[in-house]
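S.K.: The structure's right below; bear with me while I get my questions together.
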Amino acid sequence: MSVSSSRKRSGTRGYAHLIELEAPVARVWRALTDPALMRIWYGGDAEIDARKGGLYRLGRAGFGGREAHIDIFDVNRRLRLIYMNGPNFPPSDSAIVDDFLLDMRAGESLTSLRLLGSGFPDAEAWNQSYARIRVAWERFLARIKVTLENPPQPKKAEPAAPPVDPPLRGLDY
C-alpha cells in the first residue's frame, strides 16, 4: 500500500521569542517605539505614530517594508501590531499579529520582553515568508538587547598631532 507524503495544510502558525534585558522597562519600551532607536536595532528606516490606532512601519513603504496598525498601545507593558497584507507577501485572509509583552524582573533593572507572533497561514506559499520573519525577529531582539545593554559610546576626540615644522632650505640634511 502506498501512502501519499503530501498533506493539505490548514490553519495558522506562529512563534514565540523571549529575551531578558538588563535595562529598565521604560528604556525597552522606547527601543520599540522611538524611531531613532528603532533605526539602530533594525538597521533601516522606521516610522511610528506612537498611539493606539497609529502606524508602525519597519523599512521603506513599498520597498519590502512591513507596515502595521497599532492595535494595543499600553505604555511600558504591551504593544500589539496587526500587519497589513502587502505586495511582498502571498495573499491571505489571516490577520498577522506581533504582540510584545514587557515585564519587570528583579526590581527595575531587569526586563523580560516576549514577542508572540501569530496568524501566519500554514500554507506552502507562506513557508519562506514565515521563516524569514521569525528569524528576523530573533535577530532584531538580540540587537535590541545589545543596543540597550551596551549602548554605543561617543568617540573620544583624538589629540591633535603636533604641527610639523616645514623643512628649511639649505638646512634639510
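S.K.: Apply the Karplus parameterisation 6.51 cos²θ - 1.76 cosθ + 1.60, with θ equal to phi minus 60°, to every residue of segment 30-44 and state each ³J(HN,Hα) to the nearest whole Hz, in sequence, with x for glycine and proline.
M.R.: 4, 4, 8, 10, 9, x, 5, 6, 4, 4, 5, 7, 7, x, x
S.K.: Out of these labelled values of Rg and Dmax of the Cα atoms in Å, (i) 17.1, 53; (ii) 23.7, 102; (iii) 18.1, 72, which was calculated from the coordinates shown here?
M.R.: Checked against the structure: label (ii).
S.K.: How would you rank M84, M104, going from fewest to most other Cβ atoms within 10 Å of each one's own Cβ?
M.R.: Values: M84 13, M104 16.
Going from sparsest to densest Cβ surroundings: M84, M104.
S.K.: Something else: Between M104 and D122, what is 0.36 nm times their sequence separation minus the Cα-Cα distance? Round to one decimal in nm.
M.R.: Working: separation 18, 0.36 × 18 = 6.48 nm, distance 3.38 nm.
The span from M104 to D122 would gain 3.1 nm if fully extended.
S.K.: 7 Å from Cα along Cα→Cβ at both D49 and A157: what's the point-to-point distance in nm?
M.R.: So the two model labels end up 4.3 nm from each other.
S.K.: For the pair R77 and D34, how long in nm is the line joining their label points, each one 7 Å along Cα→Cβ?
M.R.: Distance between label points: 2.2 nm.
S.K.: Taking R0 as 25 Å, what FRET efficiency do you get between M84 and R114 from their Cβ-Cβ distance, rounded to the nearest 0.05?
M.R.: Numbers: r = 23 Å, r/R0 = 0.93.
Step by step, r from the Cβ atoms, then E = 0.60.
S.K.: Using the Karplus equation 6.51 cos²θ - 1.76 cosθ + 1.60 (θ = phi - 60°), what ³J(HN,Hα) coupling, rounded to whole Hz, does each residue of segment 133-147 give in order, writing x for Gly and Pro?
M.R.: Computed from phi, the couplings for segment 133-147 are 5, 4, 5, 4, 5, 4, 5, 4, 5, 5, 5, 4, 4, 5, 4 Hz.
S.K.: Could you pull out every one of the aspartates and glutamates with an alpha carbon less than 12 Å from that of K145, ignoring same-chain neighbours closer than 8 positions?
M.R.: Here the aspartates and glutamates satisfying the reach criterion relative to K145 are E20, E22.
S.K.: Check I96: other-chain or 5+ apart residues with amide H under 5 Å from its amide H, H built from backbone geometry?
M.R.: Here Y83 satisfy the definition.
S.K.: How large is ³J(HN,Hα), in whole Hz, for each residue of segment 113-120 in order, when computed from phi with the Karplus curve 6.51 cos²θ - 1.76 cosθ + 1.60 and θ = phi - 60°, using x for Gly and Pro?
M.R.: 10, 9, 10, 10, x, 8, x, 6
We did not get these values from a lab; they are worked out from the coordinates using the rules stated. Here the structure is a predicted model, which means the values were calculated and not measured. Cβ sites come from the backbone with ideal geometry, for glycine too, and all protein chains shown count toward neighbours.
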